[in-house]
């Protein structure tokens, strides 16, 4: 047969096994009533427009008097750090004795079309910081920023150094134009003016399609072919579906903020040139003298290590530490390493500098 030895029995067995898994997956899905995420209890201590500031109290003896404020990206929802109990970085940090505040950006709508980076950083983040300081009765807060939220945190700290004690960027882009930055190679061709004029707010579903296109085989074909294996039993199915829920729970992006972020950071790389403007304020990373714990993933395809680990070249901190996690962009937060390596390192690092 043209050099191919086709084993009919093997193929038949593989097809039978695949169909068996499909049927089992269907039965598993039929038994599930809901996909629970974001389950850790919290109080809302501040609201502004769509934004809510959450407060999570440490679940063990408090080890750090300075609270930790977490700033997530505008893209996707912050419950990535609280998907489920067995892989919740948030719950692990609470167990390690940290009080945590978290910025929930909410879901922008048409009324938010003209929100810009000045609104997000100089107003929203600043108001959240002030609320944390008042609620915790402290003069400074620790700040942990994730992905784009890490970039926002760098900008905020450079502009408001007196309010921040320690800074933790996680999977945070600093140099947006490294050769291995797939998002940069996509973003450099985006006509941000046309996109905003066309859509107003940028649809989250469109951004999701863009991210998936960066790794079409792994995030498309391979994931779908492997889905029956993930859905065979209830616990594995719930873990898979929680992740899928997070991936596709994508808020739209306020048009003006999107335009400014794409042009200033991706297309012009102004952050490392000390030229980024947030409102009428210029961001100079050299103003950051704070202790820094920079965490990035070895296999991150969205924010490659080279985009993050250059941070020490641009800040003025004399206390700088980097942790490279053998994981991808999401694995830094949900893998076993997040429980055993990332969260304990964060807690110990903060306690030692409290």
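Every read-out reported here was derived from the displayed coordinates using simple, explicitly stated rules and does not represent laboratory data. Keep in mind it's a predicted model, so treat the numbers as computed, not measured. Positions of Cβ are backbone-derived with ideal geometry, glycine not excepted, and every protein chain shown enters the neighbour counts.
So, R0 is 30 Å and r is the distance between the beta-carbons of residue 182 and residue 95; what FRET efficiency does that work out to, to 0.05?
Here the calculated transfer efficiency is 0.30.
Using alpha carbons only, how many degrees (0 to 90, rounded to 10) separate the axis of helix 204-213 from the longest principal axis of the chain?
Long axis of 204-213 versus the principal axis of the chain: about 60 degrees.
Efficiency by 1/(1 + (r/R0)^6): what FRET value for residue 110 and residue 282, r their Cβ-Cβ distance, R0 = 30 Å, to the nearest 0.05?
E(calc), rounded to 0.05, equals 0.45.
For 56, 107, which order do you get if you count the other beta carbons within 10 Å of each Cβ and list the fewest first?
107, 56
Among 147-159, 202-214, 336-348, how do they line up by average Cβ neighbours within 10 Å per residue, starting with the highest?
Descending mean neighbour count gives 147-159, 336-348, 202-214.
Report the gain in length on full extension from residue 85 to residue 34: 0.36 nm times residue separation, minus Cα-Cα distance, nm rounded to one decimal.
16.8 nm
Percent of Cα-Cα pairs per 20 Å bin, from 0 to the last occupied bin, for the chain, please list those.
With 20 Å bins starting at 0, P(r) equals 28, 56, 14, 2.
Quick check: the distance between the Cα centres of the range 35-55 and the range 132-149, to the nearest angstrom?
Going from one Cα centre to the other spans 15 Å.
In the chain, what percentage of the DSSP-assigned beta bridges are antiparallel, given to the nearest 5?
Antiparallel bridges make up about 40 percent of those DSSP assigns within the chain.
Return the calculated 222 nm mean residue ellipticity for the chain, to the nearest 500 deg cm²/dmol, obtained by summing -39500 (n - 2.57) across DSSP H runs with n ≥ 4 and dividing by the residue count.
Value at 222 nm, helices only: -10500 deg cm²/dmol.
Give, in nm to one decimal, the length gained when the segment between residue 348 and residue 44 is fully stretched (0.36 nm per residue of separation minus the Cα-Cα distance).
106.8 nm
Give, in nm to one decimal, the length gained when the segment between residue 137 and residue 263 is fully stretched (0.36 nm per residue of separation minus the Cα-Cα distance).
So the extension gain works out to 41.5 nm.
Residue 248 to residue 27: FRET efficiency via 1/(1 + (r/R0)^6), r the Cβ-Cβ distance, R0 25 Å, to the nearest 0.05?
Step by step, r from the Cβ atoms, then E = 0.60.
Any chance you could give the angle, 0 to 90 degrees and rounded to 10, that helix 8-31 forms with the longest Cα principal axis of the chain?
Helix 8-31 sits at roughly 50 degrees to that axis.
As a footprinting exposure proxy, order 112, 319 by other Cβ within 10 Å, with the fewest listed first.
Taking fewest neighbouring Cβ atoms as first place, the list is 319, 112.
Using just the alpha carbons, could you tell me how many Å³ per residue the convex hull of the range 49-97 encloses?
Taking the convex hull of the Cα positions in the range 49-97, it is 87 Å³ per residue.
Sort out for me the Cα centre separation of the range 293-326 from the range 228-280, rounded to whole Å.
18 Å
Which of 81, 45, 288 comes first, and how do the rest follow, when ranked by fewest Cβ neighbours within 10 Å?
The most exposed by this proxy come first: 45, 288, 81.
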